[in-house]
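First comes the structure, then the notes that go with it.
The values are calculated or read from the model by the stated rules, or taken from the named source; none is laboratory data. Only a predicted model underlies this, so the values are computations on that prediction, with no experimental measurement involved. Glycine also receives a Cβ, built like all others from the backbone with ideal geometry; neighbour counts cover every protein chain displayed.
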Amino acid sequence: MVRHTVELVWAEPEPEPSRWARLWAWATRYVRPWQAVAAVAGALVPIPWTGYSVATTWAYTMSEARGMHVGLGYTLAIGAFGLATYRLIRAPRTLHLFATVVTGIGVLGAIDLYDPVQILTGVRP
């Protein structure tokens, strides 16, 4: 008499992807790496006859708008960045990524380091 014993072995679940793997998958869902390099290079490489890049020119424009009125600078910078990001998510193209990089750096041009102190303490110049 032959007796067969069947042992059921549960398959081990797939390991969870690492944080970096999830971040890379999220980032490459919208743009390919060559698109990102082209967009960042196009935004940050200086224009030959001016010596300034498109992103720094936009940041300067946003700082001038902030100089006219704080709300105007923030509204223009954050509004343009939000619109560019929305377009990037809806239709990922190199031009939309370029606009997102340029307007993202423009937001940095609209920010003054004194603003958080003013918001938190209420002290005005």
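Quick notes
- In segment 48-61, the residues that are surrounded by 14 or more Cβ atoms within 10 Å (Cβ to Cβ) and part of a helix (DSSP H, G or I): VAL54, ALA55, THR56, THR57, TRP58, ALA59, THR61
- Only one of GLU12, GLU64, GLU16 that is modelled with pLDDT of 90 or more, acidic (Asp, Glu) and part of a loop (DSSP other than H, G, I, E, B): GLU16
- Qualifying residue in segment 25-34 (condition: free of Cβ contacts under 8 Å to residues at least 40 places away in the same chain and assigned to a loop (DSSP other than H, G, I, E, B)): yes
- Identification of helices (runs of 4 or more DSSP H) wholly contained in segment 68-123 with 2 or more residues that are in contact with a helix residue (DSSP H, G or I) (Cβ under 6 Å, 6 or more places away or on another chain) yields 70-90, 94-110.
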